[in-house]
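Notes for the one structure printed next.
Just so it is clear, none of the values below were taken in a lab; they were calculated from the coordinates. Only a predicted model underlies this, so the values are computations on that prediction, with no experimental measurement involved. Because the Cβ atoms are built from the backbone with ideal geometry, glycine has one as well, and the counts that use them run over all protein chains shown.
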Amino acid sequence: MLFNRIKKVLLQKNNNINYRIKYETFKKFYYLAMLSAIFFIIITPVCSQQSAIKVTILGTAGPEYFPDLSGISTLIEANEQKFLFDGGHGTNEQLYKSRINPKDINRIFLTHLHSDHYNGLADVWLTPWFLLGRTNGIELWGPDGTSEMVQGMRQMFAHDMNKRVDKYNLLKNLEITIHPLKDGVIYNQDGIKITAFPVEHSDGNPAFGFRFDYAGHSVVMSGDTTYHQNVVKYGTGADLLIHNVVAYNDQLSKLPEMKEVMKKLATPEQAAKVFLETKPKMALYSHIVTNGLGTKQGDKIIMARTRKAGYTGPLIMGIDRMRILIGNEIKILPPQSLANFPLLYSKEQIFP
Ligand SMILES: [Zn+2]
């Protein structure tokens, strides 16, 4: 109808070729305008429902031997940027299995310097450099002692640093810029704010937890700690609160050396107290230390003890490579299938 009326007006005025062109142009603009309107009406609300923060629980284990678990490591993605928190054993492989090119990791945050939190660091630092052509160095946030640790790591891998450097693998891309951790905001760029806060981890001190804020959403990581007021302070109202937990079997629990270990981590009862006080939208256990129990039985016992301690809110056990999408709602996605997994060999490869 509208087209016909306009066509009539234009052609009545002057039935020459110019008016025909004007009519065709008007028709094109009309369709474009309609398409734009449809985009804004339909697509915009879909976009606004998308997640602001994506968390990948790369590894959930403590230092114990488990056949199918990797060391503690958590990746947070927001605003098209990636932030790696701790890098326990297997972190490099877990990134790959999560379809994340390890060469894209250049911001790493260490909660403390117990070896199980960074014994995968050298792999994340070196392998993507010479195998995947990483074109930048690493920025590393860590507690006192990080500088000495990095110095030692560079000496340990001096052979690679001396002999693998060539015109393809530049030395500058192995640089590690160290940012000492302090109590307070340690990163504030592009709307992403990361706050570090001290926690209590006995022989792991100085130890920190982290709060990650973006677009009105937040993730809080306790790091390794026993019950600590700072986790409550920063974790209150968080979208996702990731807490460590320890539970041993009865026999191990009685050993004096194990009692010492349990004192520096959080029991399910202590974690329950934190969850009760902070009321996160979702609580999640990672760095799950279950010596002598095994993963399945350990998980069951931890969950039962947390519930018995009175916390009835949302709670999940971390699973290696599980993903959590945080937006107006929180979605939990299982680890991606490894069937027909693409090989990672090209410098420019982007995962499908
Ligand atoms: Zn520790």
(request) Evaluate the distance, in nm, between pseudo-label points positioned 7 Å from the Cα of Gln336 and of Ile316 along their respective Cα→Cβ axes. (result) 1.7 nm
(request) May I have the pair-distance distribution P(r) for the range 138-278, computed from all Cα-Cα distances with 10 Å bins from 0 and rounded to whole percent? (result) 11, 30, 27, 21, 9, 1
(message) Using the basic label-point model (7 angstrom from Cα toward the beta carbon), what is the Ala215 to Glu329 distance in nanometres?
(response) 1.7 nm
(message) Using a 10 Å cut-off around each Cβ, can you sort Tyr285, Tyr187 from fewest to most neighbouring Cβ atoms?
(response) Tyr187, Tyr285
(request) Determine one quarter of the surface area of the Cα convex hull of the range 195-352, which equals its mean projected area, and express it in nm² to one decimal. (result) 11.8 nm²
(message) Full-extension gain between Lys296 and Ser115, please, as 0.36 nm times their residue separation minus the C-alpha to C-alpha distance.
(response) 62.7 nm
(request) At 0.36 nm per residue, minus the direct Cα-Cα distance, what do Arg154 and Lys193 gain on full extension? Give it in nm, one decimal, please. (result) 11.1 nm
(request) Would you kindly calculate the translational diffusion coefficient of the range 52-333, applying Stokes-Einstein with the Kirkwood radius from alpha carbon pairs, for 20 °C and a viscosity of 1.002 mPa s, and quote it in µm² s⁻¹ without decimals? (result) 113 µm²/s
(request) Once you have all Cα-Cα distances for the range 154-230, histogram them in 10 Å bins from zero and send the whole-percent values. (result) 16, 31, 22, 25, 6, 0
(message) I'd like the distance separating the alpha-carbon centroids of the range 273-352 and the range 63-109, in whole Å.
(response) 14 Å
(request) Would you mind ranking Val124, Val232 so that the residue whose beta carbon has the fewest other beta carbons within 10 Å leads the list? (result) Val232, Val124
(request) Compute the length gained on full extension between Thr236 and Gln50: take 0.36 nm times their separation in residues and subtract their Cα-Cα distance, giving the result in nm to one decimal. (result) 64.6 nm
(request) Can you tell me what the convex hull of the Cα atoms of the range 51-148 projects to on average, as an area in nm²? (result) 6.6 nm²
